[in-house]
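Trainee: Below are the structure tokens for one structure; questions will follow.
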Amino acid sequence: MPSGEYDPDTVEAKWQDRWVDEETYAYEGDAENPDTAFSIDSPPPTVSGSLHWGHVYGFTLQDFVARFNRMRGKDVYFPFGYDDNGIASERLAEDELDVRHQDYERREFQRMTQEVCAEYEAAFTEKMQSLGISIDWNQTYQTISPEVRRISQLSFIDLYEQGREYRQRAPAIWCPECETAISQVETEDDEQPSHFHDIAFEVVGEADADDPEQFTISTTRPELLPACVAVFVHPDDDGNQDLVGETARVPLFDQEVPILADERVDMETGSGIVMCCTFGDQTDIEWYQAHDLDLRIAIDESGTLTDVAGEYEGLSSADAREAIVEDLDEAGALLDRWGITHTVNVHERCGTGVEFLVKDQWYVELLDKREEYLQAGREMDWYPEKMYTRYKNWIEGLQWDWAISRQRSSGIPFPVWYCADCDEPVLADKETLPVDPLSDDPPVDACPECGHTAFVPEDDVLDTWATSSLTPLINAGWDWDAAHEEFRFEHPELYQFDLRPQGHDIISFWLFHTVVKCYEHTGEVPFDSVMINGMVLDENREKMSKSKGNIVAPDEVVSKYPVDAARYWAAGSAVGDDLPYSEKGLRAGEKLLRKLWNASKLVESLTEDAPAEFDHDDLAALDRWLLASLDREIERLTARFESREFSKARDGLRGFFWHTFCDDYLEIAKQRVRDGGDPSAAYTLSVAHRRFLKLFSPILAHATEELWHDMYGDDSVHQSGWPEPLGIDADFEAGETAMEAVGALRKYKSDAKLSMNADLDRVEVWGDVSGFEDDISSVMHVDELVILDERPPIETVVTGVDLDYSLVGPEFGSQVSEIEAVIDDDAYERVGDELHVAGVELDSEMFEIQEEQQYTGAGEMVDAEDVVVIVHRD
RNA sequence: GGGCUCGUGGUCUAGUGGUUAUGACGCUUCCCUUACAAGGAAGAGACCGGUGGUUCGAAUCCGCCCGAGCCCA
């Protein structure tokens, strides 16, 4: 029985424990029909740190959907994954243990990483449970686990066999700190201080050898001089056009390179003449390919200069830069040097400036199927719909296939060996997966191409996204069925997944890659619907970041406010819009919890003798009205949950509960029960209250559970079923009119500075409140309530005319302003139903006469829309 | 620099061509009415980021500008 004040600290922790212990949210799994299963595929959070607001917000929104569908009778599959096979987790282990992955054997380092991750994963589990997310904790997976490794390697083999993957020697973005190739999406821009150097190049020619022609190139990277393979001039650069076709000699290194014209030169920067090095940046790669240039690799995997750099070999690129600048200066080739700040492409994980290296890399082919992938995106329902545009723009802007090779210790190995002689790739047998080529043998004794018997294992691992993009397959138990020689699902009823929830920041890579891979493996789009949430911003609508120092930790907030209040806050904006963190939002949630708790206490005290059954035909008018109004609210609310309009769902239900139920109905019902044990009112209170708990339960998961157990039984409210409308008819108009009359009397008392329970001697009502007379007089303490048969003596004064512009506008167009002016001057004429004004005739649909009523009889009249209330006091 | 999105009382939010712009939080005044004063009643407060246009009529549609967010260069 609810008593005293609501104590969220105790209550919430209690239910979080019991939900887990009693497996309240376990997937039954006996659903044969995919329509009765509701499956959710959340992107597993990266195990690299602690929980942030993005997690809280995203998972809470998913939880609304999960709980709503569970209530609607769906068997909800809500699993949880830990993404611990990526570079992020590897770096976490390096930081925690203060080690470098290069210093350990791969399996040893993986073991260390998994140990570190285990602690973080346990913390994650606890946090998710303390947020009350209705995850089925029997259904968890780690992306580094053997099961997932198997699926990931199966995926690689399947795509290879389908001809969707290829291996190519190509320039790759390389992080010299992490010593791995990374994809474009793993880089970010960073503003860094640097220097511009003006360096003199000589033109090689027949001119006077003592006084050769010179020109200047500007560069921030003089250490790349040994990698210089060409010099470019813009075709519109008239001043330097004479150089095109000549040959230049690179200072210090003396290689001779062609001078070429290309419009990709930025004429505004430096001298307008630029050197091309293999490779300094993206443009160098394009020039290398377009002009068939030499390849001079001056920087290796670790950022150290190679033998191409001659005497500078072995220096780090930073040391080499200083040495080369010094030597240039000495040789008189350094013309100028000045500090600048410029944007550098860095690896997002470590902040190190990236290099470009030519490496053998595996790619997943994407560019040839753009149209199909666009179509796949269109087949999903997008919440909100506008987010599809981002998916579309991303695909239309794709320029590269997907590089999936990574040179790291941690991660899932490619199940591939190469013939030591002819380089033919040999893939593992599907039955033997997962394998690690470094320690396992290839499935053949001799190369099927050339018969050679020695093999080289692939020591790269797969890009973390190559695995993260398989979560629908992981969740549905995708595997190779050797007996039937086909891929099968352990849980086919889960696929396609009903809901894919995620932030809008990862549409372009995570969602896109998931759609692509699952589509290629199954021929089906993996998701029925995607729900895209916005970002959590700080209270000033700005991004939370360490450098701004505006981060609010979820832990602190949840220890200060009820989790249900945070859930209330999370429902506070349209899905897809960014949501500012707001303590006010949390306090509003707390207030609602308190209101719900207190109202429940009252209902409890009033319904002790409530009949379990009551013939709906015998219900009092007010009770019929309340239950019928609740029916309408249920229909609205259901539609809003279905369309993921959580903010409207929350505000609509809150308003109805607070105002209609508590302020209007409960105030009256409590008197009826107290005065005479009214069974109709007690029954209605009990029915309505049960329904409110169910309706609030997806959002206020803990408080409703506590109240449900206190008052109604041992089952979980979350398994109790969503209420269907009762189908009760009521006189809505009379009910609304009666409430208006009550409102008018409240206003009267407030204006007269009377307390709400002050007695009123006599009140006259003109309006249809039939069936509600006693309700009005009891709640407003009216001694004598009289329903007037005749309109009270009211003098009606016409104060103006309201036009229905949706009719008048299209009909009269530009005459409207004239009509308005004439009406303002009262120069119109009422002829029957019509209004004659400014030479035109408006029919009765088009206007409404605005009137004010002045009461001329005894007593005081109170203003109201559809009812006239007259108060008599002695 | 490009694409997409958002910009509504002090704060958050509803509202995608039609009268006087929704609600919440906060604020002011009154009321201790035995569920709740962390409550109730009443009230003040926004010409809808700026600007130009389309229209009889624009928060709503279009152009430009400003601020914020995400992605990309």
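Trainee: Based on what the data block shows, is A:Glu311 in a helix (DSSP H, G or I) and either surrounded by fewer than 19 Cβ atoms within 10 Å (Cβ to Cβ) or within 16 Å of RNA strand B (Cβ to nearest atom) (or both)?
Mentor: Yes; evaluated as a whole, the condition is true for this residue.
Trainee: For the subset of the range A:380-396 comprising residues that are touching a residue at least 12 places away in the same chain (Cβ under 8 Å) and near RNA strand B (Cβ under 9 Å from one of its atoms), which member is surrounded by the most Cβ atoms within 10 Å (Cβ to Cβ)?
Mentor: The selected residue is A:Met387.
Trainee: Condition check: near RNA strand B (Cβ under 10 Å from one of its atoms), crowded, with 19+ Cβ neighbours inside 10 Å and at negative phi. Does A:Phe692 satisfy that?
Mentor: no
Trainee: Then there's this: Of everything in the range A:515-544, what is under 20 Å from A:Tyr391 (Cα atoms) and either β-branched (Val, Ile, Thr) or in a strand (DSSP E or B) (or both)? Give them in sequence order.
Mentor: A:Val515, A:Val516, A:Val525, A:Phe527, A:Ser529, A:Val530, A:Met531, A:Ile532, A:Asn533
Trainee: Shifting gears a bit: Looking at (1) surrounded by 19 or more Cβ atoms within 10 Å (Cβ to Cβ); (2) more than 11 Å from RNA strand B (Cβ to nearest atom); (3) more than 27 Å from A:Asp63 (Cα to Cα), which is the only condition A:Tyr665 fails?
Mentor: If we test A:Tyr665 against (1) surrounded by 19 or more Cβ atoms within 10 Å (Cβ to Cβ); (2) more than 11 Å from RNA strand B (Cβ to nearest atom); (3) more than 27 Å from A:Asp63 (Cα to Cα), just (2) comes out false.
Trainee: I'd like to know if the range A:431-448 contains one or more residues that are surrounded by 16 or more Cβ atoms within 10 Å (Cβ to Cβ), closer than 24 Å to A:Trp402 by Cβ, of a type in the set (D, E, K, R) and modelled with pLDDT under 95.
Mentor: Yes, the range A:431-448 contains a residue that is surrounded by 16 or more Cβ atoms within 10 Å (Cβ to Cβ), closer than 24 Å to A:Trp402 by Cβ, of a type in the set (D, E, K, R) and modelled with pLDDT under 95.
Trainee: Keeping to the range A:315-352, report how many residues are in contact (Cβ under 8 Å) with a residue 24 or more places away in the chain and in contact with a Leu (Cβ under 8 Å, 6 or more places away or on another chain).
Mentor: Count: 9.
Trainee: Then there is this: Would you point out the residue of the range A:533-578, among those that are of a type in the set (Ser, Thr, Tyr) and more than 7 Å from RNA strand B (Cβ to nearest atom), that is modelled with the lowest pLDDT?
Mentor: A:Ser547
Trainee: Before we move on, is A:Glu115 assigned to a helix (DSSP H, G or I), free of Cβ contacts under 8 Å to residues at least 24 places away in the same chain and farther than 30 Å from A:Val552 by Cβ? Working first, answer last.
Mentor: Working: assigned to a helix (DSSP H, G or I): yes; free of Cβ contacts under 8 Å to residues at least 24 places away in the same chain: yes; farther than 30 Å from A:Val552 by Cβ: yes.
Judged against the criteria, A:Glu115 is a match.
Trainee: Another question, then. May I ask you to list the residues in the range A:728-758 that are surrounded by fewer than 16 Cβ atoms within 10 Å (Cβ to Cβ) and away from RNA strand B (no atom under 16 Å from the Cβ)?
Mentor: A:Asp729, A:Phe732, A:Glu733
Trainee: Also, I was wondering about something else. Among the residues of the range A:236-250, is there at least one that is closer than 28 Å to A:Gln399 by Cβ and either of a type in the set (Asp, Glu) or assigned to a strand (DSSP E or B) (or both)?
Mentor: yes
Trainee: Looking at the range A:805-829, I want the residues that are assigned by TED's automatic domain parsing to the domain that holds A:Met846 and at pLDDT 80 or above and have a partner that is within 9 Å of RNA strand B (Cβ to nearest atom) and outside any helix (DSSP H, G or I) with Cβ atoms under 6 Å, at least 6 apart or on another chain. Which pairs are those?
Mentor: A:Ile823/A:Val801
Trainee: Counting just the residues of the range A:363-379 that are more than 16 Å from RNA strand B (Cβ to nearest atom) and in a loop (DSSP other than H, G, I, E, B), which one comes out farthest from A:Phe414 (Cα to Cα)?
Mentor: Ranking the candidates gives A:Glu379 first.
The values are calculated or read from the model by the stated rules, or taken from the named source; none is laboratory data. Small disclaimer: the values here were computed from a predicted structure and weren't measured. Cβ: placed from backbone, ideal geometry, glycine included. Neighbour counts: every protein chain shown.
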